[in-house]
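Asks: My structure is below; once you've seen it, I'll send some questions.
Here, each number is a calculation from the coordinates, and none is a lab measurement. Everything numeric in this text was worked out from a predicted model, so none of it was measured. Here Cβ is always computed from backbone atoms with ideal geometry, including for glycine, and neighbour counts include all displayed protein chains.
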Amino acid sequence: MQQILARLPDWPAWAVQLLFVMAGLLIATYFVSTLVTPADEEEEEESPNTLHGATGKEHIHLHSEKYQHQHREFHRFRRKYLTVYLIIMLADWMQGTHMYTLYLSYNVNISALFLTGFLSGAIFAPFLGSAVDKFGRKRSCIIYCLLEIVINVLEHYDDFATLMVGRVLGGISTNLLFSAFESWMTTQHRHLGFPESWLQTTYSNMSIGNGAMAIFAGIVAQVLEDNFGHIGPFQGAVALTTLALFLILGWDENYGESQKGEHESSSLYHQFKEGWKATLQDSKIWRIGLTQALSEGAMYTFVFMWVPTLLSMDPPGGVPTGCVFSSLMMAITMGGMMFPVMHAVVSKISKSESSSSEMTAAIIYGLASACMFIPAHCLLCSSTSSDASSCFNRILASFVVVEFSVGLFNPVAGTLRSKYVPDNLQGGILNIFRLPLNAVVVAGTYATDVYPVYQVYMIVSACFMAAALLQATLIFGAPTNKSKNAVADSKTKND
């Protein structure tokens, strides 16, 4: 054991302890989730018309044969999508972990570059989604990859104007990342005739994989930086994005259309208008969008704050940010693993499958709100408290739990978007959602400069609570006909 500790980096004891505890909890969570996660795919009920005329052993045989084939097809489809998604997210995390240090080495205006990226995302968001639906989700994913390759090549130059061009393109590519890929997956899932309940399995895998890629990215990016300098992680991102591009070429194309071939006669303006019309007229859609803006905006604000907060508390030995970052990413992975378990428990308690996702989301946002109230309270009282160590430990624990909540609400947010947002308008509406999200992020970033830290945590906690209350209004609403419409559209296309 002493030899193992001797080989570890010179990190403070509290950071090493946190890393080992989180690693142990991650392993335990994996085994728990494997043992108790319900086999939703196995329990999916057969529709009355599917095996009409089959009875007794014949029915059982046909049921088993049909579902074995469907399971194999679903696993093949999910593997194809997740492979690309994980490569893309690994490349994205590798850039994010080292972008600040790269710009710092260039001695440029870092805040101006980051603000440009956010403004670009806000400006292009309303129009990009409609283009994704009209011109094709696969094609949009390909454009994303090409943009990312260009952006990472531009990062090689220390010219401020060149970097600004890269940030403008980065705002466009970020919108594509969080709309085109999910839209393609959700629509293709329905085109292939898989049950709606299986979508949450894919979203859960995405959350788990995203956390795992974040942990892995920190290690890979550090190795590349050590060997190739600050630009190393961006060169690695080019290679990974190129690989993803070739894999996407094997995907089938799908569009934002309610009938086959409709995208050819539909104009870009029509897609744009219909997306806004559906969002504004259906309160369920705009409530989902506002909930996403509040929760993700609060999460991004927290991301800006956790490092300076811990540094300001001056813990013994300092703050090894890479070590703490890996621990927080483990918490996200654990949340993704536990989501199916939590969803099943809520469904069983509520005895209402139709609103279980809404109830689960409200609970998760409430948990995140409570976690963010802890640093707000501790920092408010820290000036009169003599037990700084206890305050630090409580704040660190709250950060871990809020990241666990992020791992939980990523898959449930995706499930709810797929439930309420029409297939034929997914790209447009998902980008419309990013307008209030960018507004909350900009407001949160501004708040960190003008308000005391404890007040900003109060605001973050309030945003999560507002998301929980808004989400709760959907629990008692009428079940959506989204799934029925999707099935009807699928039949129309097949005919």
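Asks: At a 10 angstrom cut-off on C-beta neighbours, averaged per residue, how do the peptides 226-235, 163-172 rank from highest to lowest?
Replies: 163-172, 226-235
Asks: Under a Cβ-Cβ cut-off of 15 Å, what is the net charge of the residues other than Val168 that fall near it, where Lys and Arg count +1 and Asp and Glu count -1?
Replies: Net local charge, Val168 excluded: -2.
Asks: Still on this structure: From the phi angles alone, apply the Karplus equation (6.51, -1.76, 1.60; θ = phi - 60°) to the stretch 337-350 and give each ³J(HN,Hα) in whole Hz, x where the residue is Gly or Pro.
Replies: 5, 8, 4, x, 5, 5, 4, 5, 5, 4, 4, 5, 5, 6
Asks: What ³J(HN,Hα) values, in whole Hz, does the Karplus curve 6.51 cos²θ - 1.76 cosθ + 1.60 give for the stretch 359-373 when θ = phi - 60°, with x put for Gly and Pro?
Replies: Each residue of the stretch 359-373 in turn: 5, 4, 4, 4, 5, 5, 5, x, 4, 4, 4, 4, 5, 6, 6 Hz.
Asks: With a 10 Å radius around each residue's Cβ, average the other Cβ atoms per peptide and rank 398-405, 194-201, 422-429, 26-33, highest first.
Replies: Peptide ranking by packing, descending: 422-429, 398-405, 194-201, 26-33.
Asks: For the stretch 130-186, what does the relative contact order come out to in percent, with C-alpha contacts under 8 Å and a separation of six or more?
Replies: Across the stretch 130-186, relative contact order equals 49 percent.
Asks: Right, here's the next one. Evaluate the relative contact order of the stretch 105-202 (contact order divided by residue number), counting alpha-carbon pairs under 8 angstrom at least 6 apart; express in whole percent.
Replies: Taking the mean separation of contacting Cα pairs over the length of the stretch 105-202, I get 39 percent.
Asks: Same structure again: Just add up the charged neighbours of Arg139: K/R +1, D/E -1, any other residue whose Cβ is under 13 Å from the Cβ of Arg139.
Replies: Summing Lys/Arg as +1 and Asp/Glu as -1 gives 0.
Asks: I've got another one for you. Please work out how much length the chain gains when fully extended from Asn227 to Arg79, using 0.36 nm per residue of separation minus the C-alpha to C-alpha distance, in nm with one decimal.
Replies: Stretched fully, the Asn227-Arg79 segment lengthens by 50.0 nm.
Asks: Could you check the spin-label model distance between Asn109 and Ile123? Points 7 Å from the Cα along Cα→Cβ, value in nm.
Replies: The two pseudo-label positions are separated by 1.5 nm.
Asks: Tabulate in residue order the Karplus-calculated ³J(HN,Hα) for the stretch 248-256, using 6.51 cos²θ - 1.76 cosθ + 1.60 with θ = phi - 60°, rounded to whole Hz; enter x for Gly and Pro.
Replies: Coupling constants for the stretch 248-256: 5, 4, x, 7, 7, 8, 9, 10, x Hz.
Asks: A further question on this structure: Contour minus end-to-end for Thr473 and Ser312, with contour as 0.36 nm per residue of separation and end-to-end as the Cα-Cα distance?
Replies: Length gained, Thr473 through Ser312: 54.1 nm.
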